[in-house]
Structures are given as C-alpha cells and as structure tokens.
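Below is one structure; the comments refer to it alone.
The values are calculated or read from the model by the stated rules, or taken from the named source; none is laboratory data. Bear in mind that the values here come from a model prediction, so they are computed numbers and not experimental data. Cβ placement follows ideal geometry from the backbone for every residue including glycine, while neighbour counts extend to all protein chains displayed. These accessible areas exclude ligands, DNA and RNA; they are computed on the full protein's heavy atoms, side chains included. Shrake-Rupley method; radii C 1.70, N 1.55, O 1.52, S 1.80 Å.
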Amino acid sequence: MSLYSFGLEPLSCHAWNKDRTRIDWAPESNRIVTCASDRNAYVWTLKDGVWKPTLVLVRINRAATCVKWSPLENKFALGSGAKLISVCYFEKENDWWLSKHIKKPINSTVLSLDWHPNNILLAAGSADLHCRIFSAYIKDIEDKPGPTPWGSKMPFGEVLLEYKECGGWVHSVCFSPSGDALAWVSHNSAISVANATQAKEVTQLTTGHLPLLSVLYVSETEIVAAGHDCCPYQFSYKGPGCLEFVKKVDIPKQSSKGNMSAMQHFRNLDKKAITEEEETGLGCLHQNSITELCVLEGPKAKVEKFSSVGLDGAMVVWDFKH
Amino acid sequence: MSKNTVSDRFRKVDVDEYDENKFVDEEEGGENQLGPDEAEVDSLIRQYPSLFTRNLMGALQAVLKNPPINTKNQNVKDRAEGLVLKVLSSFKSTDIEKGVQSLDKNGVDLLMKYIYKGFEQPSENSSAVLLQWHEKALSAGGVGCIVRVLTARKTV
C-alpha cells in the first residue's frame, strides 16, 4: 500500500482536475473524456505531447455526473442530473461526437454507470432508488450483439433489468468480469448483486457500516467496496443468497505509545489543546470518505492492484492477494 | 392599473403539484396491513411460562410481526407504535440485550425504526427506556442500521 497526498482539496474523481466532476481514461486508444457541472463533456486526445480537447454535443440541461468509456472505446456513456444517459459516439463523416439519449424510465439523477464486457449493455444506478441495465447498442458503429444471460433483444434504450428495491440512492455499479453478475452499493448501507444466470435474482447484504460509495469487482467472485467509513471492505459472492463480508482491506496500524518529545508535547498543546497523548486520526489510511475505487494493475478477472481516492485529498494504492 | 395587485394568493400555490416531471413514489397497496396483533401481544405479555418470568421474548417477536409499513392509515401506525412501546417498557434493563440478540438482522432494523418513531413522541418514561434499547440495538446493528432508518421511504 502506498499513500499519495494531493493536498487538502477533496478528490472527486481519479485525476488531478478540480472542477471536473468525473473523468475516465481509455487505456488502449489513450483518450480521456471529462464531464463537468457546466453540462459539457470533452474528449481529449494527445497530440505532440499536448492534450487537445474536442467538445461533445451532449445536449443536456443539467450537470453531468458520471462518464465511462465502453470496453472497445468506440463510445462512452454520460450520466447526468437531467435524468438521462447520453451515449456518445464518433461520427467520421462530420468529424464530431454525436449523442443518443436514454430517458425512459429514469426518474432522477443518474449517479453511476458501468459497461458490460460486450460493449452493448450499460448498467446505471440512480437517485430514484433504482438500478437498471440498458442496451446502448448504436447500429451506426457496431454489429448486432448476440444474446446474453441478461436478454436477447437489445434495441437502443431497451431495459433489461430494473430493480426498484435498492433501498437508497445507488452510488456505484459494477459488472463482474464475465458480465453475468452486476454489483451495486446503495445509500442504505447495503451491497447487492444481481445474477443473470440465476433468473436475475438479487441478493442484498445489509451492513452495519456507513454507506458505501464505490464498488469494484476484483475477480469473478471477490468484490471490494468503500465509502464513508474511509476503509475498503472485501465481500464475496458465490451465488444467490451467498453474499458475505470477508474482511477489511485496510489493517489499522497500532498507534505506538512511545515517549513523546517535549517539543511534540507543547506542539500538541498549542495546536490542538491536547494535554495527553491521544489518537485523533482515524485508524486507517484514508482520513475521510473514499469516493472512488479504480483498477490499477491486472486484468479485470484478477486485479492485482487497485487505487482509491477520497475527500481527504489522498490517493492510496492497494495490493490485492487472491 | 387594471390588474388587482392587492391579492397575494398566488404565493400560496404549490407549484410542485403542476410539475409534469415530478417524482412520484410508487404506491403499493397497504390497505390491508393492520400492524401487529394486539390481542396476541397482550396475551404474551401476561403469560408466565415459568414461575416468575413473563414471556417477553415471545411478545417481542409477536409485536415485530406485520409492521404497518405500507399503510397510510395513521391510526394503525400509532397503535402499532404504542404496542411496541408497551412491550419494550415491560423488559427489565438486564434482559434488553438478550431481547435484541434474539432478533435477526431485519428484526434489528425494524426495532430501530420503532425506536426512532418512539423518540418523535416522547411520553413520561419512554425516552429513557428507548435509549437503553437504542444502545443495545446499535451494538447489534451498527451505524448501518440507523442509516437504514433514515433512508427508508416507507416507515412504521
């Protein structure tokens, strides 16, 4: 584990840009897409060592909240406070990015998105307490998809899963590496998994912790989630009804009760009015809520390292042992 | 001036009612929910399975059945809350922990909902009793339990 500190400002997304709300990097084609509360999205391409932005016509009238490149990186999805998802793709003829909207039946802000490995299905978690899977098939740029355990008819905007008992705003969604299962975390401090191969059955595990904000699959059965408790937790899903908590990923360091120097003693007294030795920091690496988890190293089916960023302005890289 | 500028009734119009895109909670039929069975709970409170101890554990399980979550009938909800409070107050302080441990996860969540509902309308001794129950329920359910009370759209 290693800790990088980016100063005192909260990190809202995995990058060092403070007024964007979300950012996503496409590793193969080396393009970045950013979206912000100014209702715009830009695609940045690296030309001669400088990142050049291209405006995307998203046509939304509220802030953009989340953005994700598709696995093949030929399109990206953008969630917004305008209660719709914008799926954007590049049109070669006119050399610009176009967007298609998914509106029904979303009733409130879209809080999180994730693509299925087949590049067609898109999961969305939203503030209307629902978790849905849509088809984002764009016939202009790709071939018709084959059937998946989630369904076989997939015209654009088709809803393949709609789960309404999430119990709270759905903060984050993540498909499993095979795409057969979908995990999400919601504001009622619960983590849930829907399994396509078992008739889309949903298993929910309520936790005794503060709500989780981000969820990530690190293998086909192991899931890591983190949130307001400032520490990543590992869960394991082996089938319907078998979702359980495994362990805390962060091992709190024992505070050493060594001899404090006189200098430190007076410094504590001066700055914090502490007269005796007290541990006021949290016993874990992050000192404030973790907002996002991201895969760093390793294929999706066997993640070796993942990173987390939080409101404390720090980014931590974690090793995961399978 | 031809317009009447004195009346300000327009300020009292609820504009949200006219919004087409207004978020409406999905209604689920709750007319048949009657809340926990009063007779059953009463009889369990008065039961004495062994010589001196009352069957309070049974009463607790019974009163947490059939919570009036979906109904809009305020009377049913108030009656249920009163009944729960009666059972909770009958427990001895030392038995509260055992009572909480006899419940499953959903039971603890439901208990916490009733506890907070009870806090809203304090009567003579209710808050003290509820606070004791709150402490034990918190150690069983964790902070997540309280978060679920706050996020639940349908409450008891």
From a point 7 Å beyond the Cα of B:R153 in the direction of its Cβ, which residues of segment A:81-120 have a backbone N at a distance under 20 Å?
A:81-85, A:103-113
How many nm is it between the label spots at A:F245 and A:K139, if each spot is 7 Å from the Cα in line with the beta carbon?
4.9
Cα gyration tensor, segment A:82-159 - rounded (a/c under 1.5), prolate or oblate:
oblate
Classify segment B:51-141 from the C-alpha gyration tensor, please: rounded if a/c falls under 1.5, else prolate or oblate depending on whether a/b exceeds b/c.
rounded
What are the trypsin sites (Lys or Arg not before Pro) within segment A:58-91 that DSSP puts in a loop, where the Cβ has at most 11 other Cβ atoms within 10 Å?
none
Expressed in nm to one decimal, what extension gain is obtained for the pair A:N94 and A:K238 from 0.36 nm per residue of sequence separation less their Cα-Cα distance?
47.1 nm
Please give, to one decimal in nm, the separation of the simple spin-label points placed at A:A63 and B:Q101, each 7 Å out from Cα toward the Cβ.
4.7
Percent of accessible area on the protein assembly as shown owned by carbon and sulfur, 1.4 Å probe?
52
What does the accessible area per residue of segment A:40-169 come to in Å², with a 1.4 Å probe and no ligands, DNA or RNA counted?
45
Tell me, in nm to one decimal, what length is gained between A:K153 and A:S178 on full extension, where the rule is 0.36 nm per residue of separation less the Cα-Cα distance?
7.1 nm
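Show me the GluC sites (Glu not before Pro) within segment B:79-146 that DSSP assigns to loop and that have at most 13 other Cβ atoms within 10 Å of their Cβ.
The qualifying sites are B:E124.
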Cα axis of helix A:262-272 to longest principal axis of chain A: angle in degrees, 0 to 90, nearest 10?
50
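The protein assembly as shown: D in µm²/s via Stokes-Einstein (Kirkwood Rh, Cα pairs, 37 °C, 0.692 mPa s)? The partial results should precede the final answer.
Working: Rh = 25.5 Å.
Taking Rh from Cα pairs, D becomes 129 µm²/s.
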Output field shielding_mean for B:138-150 (other chain Cβ, 10 Å radius) holds 5
Would you compute, from DSSP H runs of 4+ residues alone, the mean residue ellipticity of chain A at 222 nm, taking -39500 (n - 2.57) per run and dividing by the full residue count, rounded to the nearest 500?
-1000 deg cm²/dmol
Per residue of A:201-211, how many C-beta atoms from partner chains lie within 10 Å of its own C-beta, taken as a mean?
4
With a cap of 16 neighbouring Cβ atoms within 10 Å, and only residues DSSP puts in a loop, list the chymotrypsin sites (Phe, Trp or Tyr not before Pro) found in segment A:143-242.
A:F156
Quick check: from the Cα gyration tensor, does segment A:53-185 come out rounded (a/c under 1.5), prolate or oblate?
oblate
Okay, which of segment B:126-156 sit inside 17 Å, backbone N to the point 7 Å along the Cα-Cβ direction of B:D78?
B:156
If the label point sits 7 Å along Cα→Cβ of A:E304, residues of segment A:199-227 with amide N under 18 Å come out as A:218-220
Can you grab the distance from the C-alpha centre of segment B:76-98 to the C-alpha centre of segment A:70-143, Å, no decimals?
50
